[in-house]
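The values are calculated or read from the model by the stated rules, or taken from the named source; none is laboratory data. Just so you know, these numbers come straight off a predicted model, no measurement behind them. As a convention, Cβ positions derive from the backbone with ideal geometry for all residues, glycine included, and neighbour counts pool all protein chains shown.
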Amino acid sequence: MVHSFYSLVLIDRSREPRQDLIFVAVILLPLIILVGILIYLPAVDSLITSFTNENLRIRRPPKFIWLKNYSKLIENSEFWIVTARSLLIVSLTLPLELLMSLGLALLLTEVFPGRAMVRTLVLLPWMLPPIVNGFLWGWLLNGEYGALNGLLYQMGIIDEYVTWLRNPDTQIIWVAVVQTWTRFAFPTIILLAGLQSIPKDLLDAAKVDGASSWQSFKNIVLPLLMPSFAVALTIEFIASFQIFDVIWTLTAGGSAGGAINPFTKTLMLYNYELVFRDLRIGLGAALSYLILFLSLGVAIVFVTRLYNQAVKS
Amino acid sequence: MALSYNRNFIKRIWIYLFCAIALLWAIGPIYWIFVSSISTRMELYATPIKSWFPSEPTWDAYIRLFQGGGKYRGGDVSPTEGLMWTSLYNTLFVSIVSAAFVTFLSTNAGYVFARMKFKGKGFFFFFLMLMMPLPLWVSIIALFFMISNAGLIDTLSGMILLFIVFLLPLGIWLMSTFVREINPEIEEAAIVDGCNRWQLMRWIIYPLSKSGMAAVFLVSLLTVWNNFLLPLIFTRSPDSQMLTVVLSLFVGQYEVAWEDMAAAAVVTMLPPFLIALFFQRFLIRGMTLGAVK
Amino acid sequence: MRSIKNTLVSILLMAVIPAALHAEKITFLTPSWGAPPDKALLESFQKESGITVEIQSVQNKDLFSRTQIAAATGQSPADVIFLTQEAPSNLVAIDMMRSLNDLQVKDPLENDLTGQEFWNIGGEQFGVPVYAQLVMMDYNTDRLKQAGFNTPPSSWSELKSMAEKLKSSGIDKHPIAMKSSDWSWYLMALSMGDPMFGNDFKPIFANKGSKSRVAMKMLLEFFSEELISPEIVAGTVNQHSIFWSGTGTFHQGWQGSIRIGNNVKKSKQAPHVAYMVLPGVGNTWSFPAAIGIAKYSKNVEASWKFIRWYTGKANQKSIYKAFGLYPSRSSVAAELNDEGLVDGYSQILAQSKKVNELPRQALWWGPFTAKVSEQILTAVQTGADSDKTVDKIAAIWNELKSEYE
């Protein structure tokens, strides 16, 4: 009598198929039209732009050059360096973030007084606007008067202020830390909601059967959490792969001319450079589509593998 | 008896310990923002010993924020004359309305994808999800063209419309996941009893998806709250200006008015904090307990 | 009965409509330091002219994004736009600004508005100058005295040795507050006497043995010897916050920076900060700003009226008093000096005679100067050779130039 929570439950409605169809249409049709007009139409428009050499500064009608933009990008080593860097940041941020949010979600499902307050407080980092976030960490990590230095100095851990963001390597590490700090609330919320759907009776039954908390975690909680986990994982992957705000304000900001730190340039910064700074929107659009394909590719892999794994268990 | 009491007690200790660590990690930097907002510039420059609470705390930054100034670079700050109140209202309005719509629409669509069978279901699902990873500014030129032709630039309804569309894919995906986890026996029982789909939604699905809906609402609200690009491009005047753009005004040509920006940040964090606190009760267990009959 | 009512209505309409037509509204897109600081003044303008001005302020780079996206769809983001020195390459280049030539025929600009030539691109006047800001250097006189120097340096090598003395004697760990970016190099090259660009946008900075190469070498040495704080390289703060937080003796500032430098509430260097005329030949360049009308604006007359008021005496004075931005009207500058309101006037005057502008009118200037910063940062981080860096920069210039021509 264990329900398979992942099989699509087909409710036999052979009695009223027409009503069902109306139901589906009323709900889905407006959404599809909305998405179609406001997301797909512009997307197609920029896809077309990506096949041209449009540049806002050069005032001549854009010419169709088809796949030349794409080949120009792929042949340039910069694209690969930037992609590798984006993947590096993902590999640093994603595990950290997901483990943290999983641990937090489990912790905050426990019942204890003050739980609601704690749960809300840990969400605060996500409520901080991105521009403030960047300046905040710039101030905290500052090598001349930063708070982190002050803290470590007063605790006796260091005896001289450290310029934390001096080298590109440490910059990347700090970017991962700050990105984690900024975003971990999102998967936490999702996992918290996902944990709610695990029936308590199941866990109680397991406990009665003598299962340790680790075993019930591994065999009951984790598999049932998989769908929510898959969503959280995919979204956070996209967020860290397409990271922009944190890098901009932490390592590239403060300059009036729009200079981008070449050592922390990731895909989205490269995209910004092409679209907004160089105004080569044809090339920029092509890059955006490359980013889309890369993101989609990985996302689909994640989702299908996790879903299959969940169905198996 | 005594043994289980001890075990619970130890467990409690561990819980509080981990909570303390989590709070330190999450709130530490925020505390620094708060301190910055009540400090003077010179205190922030103090080195190497930093005071963890300013020796002369001052509410000046907050006063400047809401009173408005006009001077910026050479002297005092706060170019935000009147903008803080307006943008607070605008952001609250847009985020709450968008989040509400998204939650409602996603739950319906989530149910459809989770439970119903119809031709083209997979196609439509992918259609809705596919463009999620597309960077926003790719679409922005054409989007701007469409929105301005519809006369929706610089309007609250325009912003709401845009946010709803961009939040829907994630919302639908989340809700379809959450709805799928509802015990199907309950639904079958209701159908046998003669419920139609709409009644099913109202009496069974909505109540049982409370935590999922709360999660989608919060996620949507916070995403709107923090978004910068859409308000930048699609709003112009105080009519619809939002907080994230107003906050960027504290970056002057040569200096960042950090104390004022910090004060503005504290004010910006307050409404979502209160809303999230309110929604905690929905994120709490209640979905399947006692749901059968 | 009906005809009486109709007549009354039409009389009413005739009274209302002209009034409605008279109250025009224009929008003014500007960074926050371009907003007219004196509210009362603005209100009186609005009352007298019947024009309502709606001020939309955003950060500078966001101003460009907003305008560029509107431009791509053939629209204007506002009626009047504030133009900073990057505007020619970012706004005029994308054909977003309206030529003011026809308006000038009826209402010519006065001669005491200096700097009009900068905004005359291809024969068309695109902006009316608002203020002119020279890039200047200031320094902490007291600290220099402690190291045994009573006068500011007269050459860059002298500056370097002074800095080394300051560092070695422990007075100042990082005596030079300059950024690892384009401006620092331009500053040093121009003041060493190299005009950097010749006629027809020729990159003469790349010539063998040019002073620009010497400047680049010295700039990189500033970093390698840690005469400049490594925190600048980190990029989170700029040279101004570093200087005002107490680190640094020589500071690349601007015309007006000593106002903040000597403000005890904002700067640890107060009250010892003074301008120094740039060492060497001493040339510098300026950051002018102007105000112009957007191309597709429908309120041209009202916008022009606003512009004339904005660049008039009263507003320019209030801008100076609020932001320390040096007015473009020489008459206003003289008046302010008479009132004793201009700090360091003699140095400003001396420096203003040594100006060698950079070609911001080149369409590709925006991307170029950003890439220069990136090259310098790369050289600093990787210890690259200064000559190779200058060669790379020249290659970038030529490449961009050919792309745009």
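Couple of notes before you dig in:
- Residue count for the range C:148-162, restricted to those that are within 27 Å of C:Thr378 (Cβ to Cβ) and in contact with a Phe, Trp or Tyr (Cβ under 7 Å, 6 or more places away or on another chain): 1
- Here the helices (runs of 4 or more DSSP H) wholly within the range A:195-249 that include at least 1 residues being over 27 Å from B:Asn8 (Cα atoms) are A:222-241.
- Qualifying residues in the range C:46-80 (those that are more than 10 Å from chain B (Cβ to nearest Cβ) and surrounded by 22 or more Cβ atoms within 10 Å (Cβ to Cβ)) - the one nearest to C:Gly127 (Cα to Cα): C:Val80
- Filtered residues of the range B:134-148 (kept if farther than 17 Å from A:Leu296 by Cα and more than 9 Å from every other protein chain (Cβ to nearest Cβ)): none
- Answer residue from the range B:106-133, given it is among the hydrophobic types (A, V, I, L, M, F, W, C) and more than 8 Å from chain A (Cβ to nearest Cβ) and is nearest to A:Ala299 (Cα to Cα) among those: B:Met129
- First in the range C:60-72 and closer than 17 Å to B:Ser237 by Cα, second anywhere and of a type in the set (Asp, Glu), Cβ under 8 Å, 6 or more apart: C:Asn60/C:Glu86; C:Phe64/C:Glu86
- If the condition is being closer than 21 Å to A:Ser240 by Cβ and either in contact with a Gly (Cβ under 6 Å, 6 or more places away or on another chain) or not aliphatic (A, V, I, L, M) (or both), then the range A:177-226 contributes A:Gln179, A:Thr180, A:Trp181, A:Thr182, A:Arg183, A:Phe184, A:Phe186, A:Pro187, A:Thr188, A:Gly194, A:Leu225.
- The residues listed here are B:Ile49, B:Ile10, B:Ile15; of these, the one that is at pLDDT below 80, over 20 Å from the mean Cα position of the chain (by Cα) and surrounded by fewer than 20 Cβ atoms within 10 Å (Cβ to Cβ) is B:Ile49.
- Here B:Phe34 meets the list (1) touching a Leu at 6+ places or on another chain (Cβ under 9 Å); (2) assigned to a helix (DSSP H, G or I); (3) not basic (Lys, Arg) almost entirely, failing just condition (1).
- As for the range C:170-179, it holds at least one residue that is in contact (Cβ under 8 Å) with a residue 24 or more places away in the chain and in contact with a His (Cβ under 6 Å, 6 or more places away or on another chain).
- Residues of the range C:169-196 satisfying the condition of being part of a loop (DSSP other than H, G, I, E, B), hydrophobic (A, V, I, L, M, F, W, C) and either within 14 Å of chain A (Cβ to nearest Cβ) or over 21 Å from C:Asp391 (Cβ atoms) (or both): C:Ile171, C:Met178
- Residue tally, condition touching a residue at least 24 places away in the same chain (Cβ under 8 Å), within 12 Å of chain C (Cβ to nearest Cβ) and part of a loop (DSSP other than H, G, I, E, B), over the range A:262-277: 3
- Taking every residue in the range B:22-42 that is in contact (Cβ under 8 Å) with a residue 60 or more places away in the chain and pairing it with any residue that is in a helix (DSSP H, G or I) and small (Gly, Ala, Ser), at least 6 positions away or on another chain, the pairs with Cβ-Cβ distances below 6 Å are B:Ile33/B:Ala262; B:Ile33/B:Ala265; B:Ser36/B:Ala262; B:Ser37/B:Ala61; B:Ser37/B:Ala262; B:Ser37/B:Ala263.
- Flag if A:Ile33 is surrounded by fewer than 16 Cβ atoms within 10 Å (Cβ to Cβ), under 13 Å from A:Ile281 (Cα atoms), hydrophobic (A, V, I, L, M, F, W, C) and more than 8 Å from chain B (Cβ to nearest Cβ): no
- Every pair of residues 6+ apart whose Cβ atoms lie under 6 Å, when the first sits in the range A:278-295 and is within 11 Å of A:Phe79 (Cβ to Cβ) while the second is of a type in the set (Ser, Thr, Tyr): A:Ala286/A:Ser50; A:Ala286/A:Tyr70
- Total residues in the range A:191-215, condition within 13 Å of A:Thr109 (Cβ to Cβ) and surrounded by 15 or more Cβ atoms within 10 Å (Cβ to Cβ): 9
- Residue match in the range A:268-291 (condition: under 30 Å from C:Ser184 (Cβ atoms) and among the hydroxyl-bearing types (Ser, Thr, Tyr)): yes
- Selection status of C:Thr389, hydroxyl-bearing (Ser, Thr, Tyr) and either assigned to a loop (DSSP other than H, G, I, E, B) or under 17 Å from the mean Cα position of the chain (by Cα) (or both): no
- Against the numbered list (1) part of a helix (DSSP H, G or I); (2) surrounded by fewer than 19 Cβ atoms within 10 Å (Cβ to Cβ), C:Leu103 comes up short only at (2).
- Applying the criterion of at least 1 residues that are more than 20 Å from B:Phe163 (Cα to Cα) and within 7 Å of another protein chain (Cβ to nearest Cβ) to the helices (runs of 4 or more DSSP H) found wholly in the range B:175-292 leaves B:184-192, B:197-200, B:210-226, B:243-248, B:258-279.
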